[in-house]
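Enquirer: Shown below is the structure under consideration.
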Amino acid sequence: MYLTREEEKMYAGEHGPAVEKSMEILVALGDIYGADGMVEIVSAQISGVSYKTIGDAGLEYLEELASEGAQVKVPSTLNPAGVDLDHWKDLGFPPEFTKKQLLIVEAYRKMGISTTCTCTPYLVGNVPPLGSHIAWSESSAVCYANSVLGARTNREGGPGALSAAICGRTPNYGYHLDQGRVPNLLVEVEAPLTGSDYGALGYLVGKAVGNGVPYFKLLDKPQIKPQVNQLKALGAALASSGAVALYHMENTTPEYQSALEHTENLEKLSVTREDLDNTREKLSTAQNPDLVCLGCPHASLEEIKEVALKLDGKKLANQLWVCTSISVKAASDRMGYTKIIEKAGGRVVCDTCMVVAPIEDMGFKVIGVNSAKAANYVPSMCGLDVVFDDWENLIALKK
């Protein structure tokens, strides 16, 4: 793999041990995947943040990098942590878990990484332009960046994205290349889509396509474009049930016209209302959730507003978390949405989500979610039962 003179200096340790370690990781990745060289990146999104997922070994590695003076070279944001960093005690997060979690976030902060702790960095200012090279490692964020923003990133692991952020470069292969962005499955959706249908569609297609690139045609009312929140839910489900990092949608996503040229002889998958309903049913393992968790990926301000309008003047009969970033919550606070939700008995929770938080140690048994990604991961990562449905059907109101 070709390295520039500057990259050779990084690899040789002339920029310090943290850069040397990071460049070694990038070169190894490039060799494995056959990259011809490196590309400069404009931003990074770094996973491997929750203590639940990286443990003591991950914490030790991060503290070592920070102590060696590692600093990111591009704007970089963090994936969700395992707790609400400010209100963990009020929400009942375990103190020992939280102690380790705060040390992890502090190590990242020392490296110059924004501690917004969100899986939707594009909602908090990390918005790479069309065609730019980035190194993102959160699966739903990767899918959104490639598909909706038209930026270029592989589905990086946490160490790879962190190394890229420190070096300002990433290996040039996969989705960074034009040939890596060509669709290989045509999906014709015959049913109208609303609410959690987008998650069900993503889960179904992700299972079918694996790590491929689906091209969607919405045959029912094709002139109506899905909204940002719907595209977010679709990509998250695609990325969790398969390993999809890029999809195209006719008349909607920025690269669909160039992708359309490659769809003529593709295998077709038709999706009906029955297919979507069967998928929704399959994703539920129980009924009657004792905790409803919305915001996977993290809720936008518009999604929080919808919940607040539904709950205004009412009282919840079950517990509710609306998970989001600290930045979006600040806007929700100012608009008065947070106060409405809290008055109804719910909480707007920052920095974390139902997947990477230790909810299995907090007394909950059945989690209600409107996210196919969460419905897929809660049983496997938390060992809890899950109910998947539209959020309006999950919340219970007192009579």
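The values are calculated or read from the model by the stated rules, or taken from the named source; none is laboratory data. Bear in mind the structure is a predicted one, so any value in this text is a computation, not a measurement. Counting neighbours? That spans all protein chains shown, and the Cβs are built from the backbone with ideal geometry, glycine included. Just so you know, the surface numbers come from the protein's heavy atoms only, side chains and all, with ligands and any DNA or RNA stripped out. Shrake-Rupley method; radii C 1.70, N 1.55, O 1.52, S 1.80 Å.
Enquirer: Enumerate the calculated ³J(HN,Hα) couplings along the stretch 338-345 in order (Karplus 6.51 cos²θ - 1.76 cosθ + 1.60, θ = phi - 60°), each rounded to whole Hz, writing x wherever the residue is Gly or Pro.
Expert: 4, 4, 5, 5, 5, 5, 7, x
Enquirer: Residues with beta-carbon under 10 Å from that of A18, excluding A18: net charge, scoring Lys, Arg +1 and Asp, Glu -1?
Expert: -2
Enquirer: Considering amide H positions built from the backbone, and no H for Pro or chain starts, which residues 5 or more places from L397, or on another chain, come under 5 Å of its amide H?
Expert: For L397, whose amide H was placed from the backbone, the distant partners under 5 Å are A317.
Enquirer: Give the Rg (one decimal place) followed by the Dmax (whole number) of the chain, computed from C-alpha coordinates and expressed in Å.
Expert: In order Rg, Dmax, the Cα atoms of the chain give 20.9, 70 Å.
Enquirer: For a quick check, take a GNM of the chain with Cα springs below 10 Å and name the residue from V49, V307, V19 with the largest mean-square fluctuation.
Expert: V307
Enquirer: Could I ask something else about it? How long are the semi-axes of the equivalent ellipsoid of the stretch 5-49, defined as square roots of 5 times the Cα gyration tensor eigenvalues? Whole Å, largest first.
Expert: For the stretch 5-49, the semi-axes come out at 17, 15, 11 Å.
Enquirer: Taking the convex hull of the Cα atoms, report for the stretch 72-130 its projected area averaged over all directions, in nm².
Expert: 4.5 nm²
Enquirer: Moving to a separate point now. What part of the accessible area of the chain, given as a whole %, is carbon or sulfur when the probe is 1.4 angstrom?
Expert: With neighbouring chains kept in place, the figure for the chain is 48 percent.
Enquirer: Continuing with this model, one more query. Please turn the phi angles of the stretch 363-371 into ³J(HN,Hα) values with the Karplus equation 6.51 cos²θ - 1.76 cosθ + 1.60 (θ = phi - 60°), one per residue in order, whole Hz, x for glycine and proline.
Expert: x, 8, 10, 10, 10, x, 9, 9, 10
Enquirer: Using modelled amide H (1.01 Å from N, peptide plane; none on Pro or chain starts), what sits under 5 Å from the amide H of Q45, excluding residues fewer than 5 places away?
Expert: For Q45, whose amide H was placed from the backbone, the distant partners under 5 Å are T77, A135, W136, S137.
Enquirer: Calculate, for the chain, the solvent-accessible area per residue in square angstrom, rolling a 1.4 angstrom probe over the heavy atoms of the protein chains.
Expert: Accessible area per residue: 41 Å².
Enquirer: Related question: Please list, ordered by chain and number, the residues whose modelled amide H lies under 5 Å from the amide H of F216; skip anything fewer than 5 residues away on the same chain.
Expert: V187, H248, M249, E250
Enquirer: Sort W88, W391, W136 by heavy-atom solvent-accessible area, probe 1.4 angstrom, most to least.
Expert: Largest accessible area first, the residues go W88, W391, W136.
Enquirer: A further question follows. Please state the charge dipole magnitude for the chain, taken about the Cα centre, from unit charges on C-beta atoms (+1 on K and R, -1 on D and E), reported in debye and rounded to the nearest 20.
Expert: For the chain, the charge dipole is close to 1160 debye.
Enquirer: Spelling out what I want: for every residue of the stretch 291-305, take phi, set θ = phi - 60°, compute 6.51 cos²θ - 1.76 cosθ + 1.60 (Karplus), and round to whole Hz; glycine and proline get x.
Expert: Taking θ as phi minus 60°, the curve returns 9, 9, 10, 10, x, 9, x, 3, 5, 7, 4, 5, 5, 5, 4 Hz for the stretch 291-305.
Enquirer: At what distance in angstrom do the alpha carbon centres of the stretch 198-271 and the stretch 1-56 lie from each other?
Expert: Value for the Cα centre distance between the two parts: 31 Å.
Enquirer: How would the stretch 247-334 be classified by its alpha-carbon gyration tensor: rounded, prolate or oblate, with rounded meaning a/c under 1.5 and the a/b versus b/c comparison settling the rest?
Expert: oblate
Enquirer: For the chain, modelled as a GNM with alpha-carbon contacts under 10 angstrom, which of G180, G313, G150 fluctuates the most?
Expert: G313
Enquirer: Jot down the radius of gyration and Dmax of the stretch 129-193, Cα atoms only, both in angstrom.
Expert: Computed over the Cα atoms of the stretch 129-193, radius of gyration and Dmax are 13.6, 46 Å.
Enquirer: Under a 10 Å cutoff between Cα atoms, tell me which one of G92, G363, G13 has the largest fluctuation in the Gaussian network model of the chain.
Expert: G363
Enquirer: Next up: Between the stretch 317-365 and the stretch 80-128, what is the C-alpha centre distance in whole Å?
Expert: One Cα centre to the other: 14 Å.
Enquirer: Further question: Go ahead and estimate [θ] at 222 nm for the chain from helices alone: -39,500 (n - 2.57) per DSSP H run with n ≥ 4, summed, over the residue count, rounded to 500.
Expert: -11500 deg cm²/dmol
Enquirer: Okay, next question. Show log10 I(q)/I(0) for the stretch 1-126 at q = 0.13 Å⁻¹, two decimals, from a solvent-free Debye sum over equal Cα scatterers.
Expert: Results for the stretch 1-126 at q = 0.13 Å⁻¹ read -0.61.
Enquirer: OK, next. With no solvent and one equal point scatterer placed on each C-alpha of the stretch 156-278, evaluate the Debye formula and give log10 I(q)/I(0) for q = 0.13, 0.19, 0.21, 0.22 Å⁻¹, two decimals.
Expert: Taken in order of the listed q values, log10 I(q)/I(0) reads -0.54, -1.04, -1.22, -1.32.
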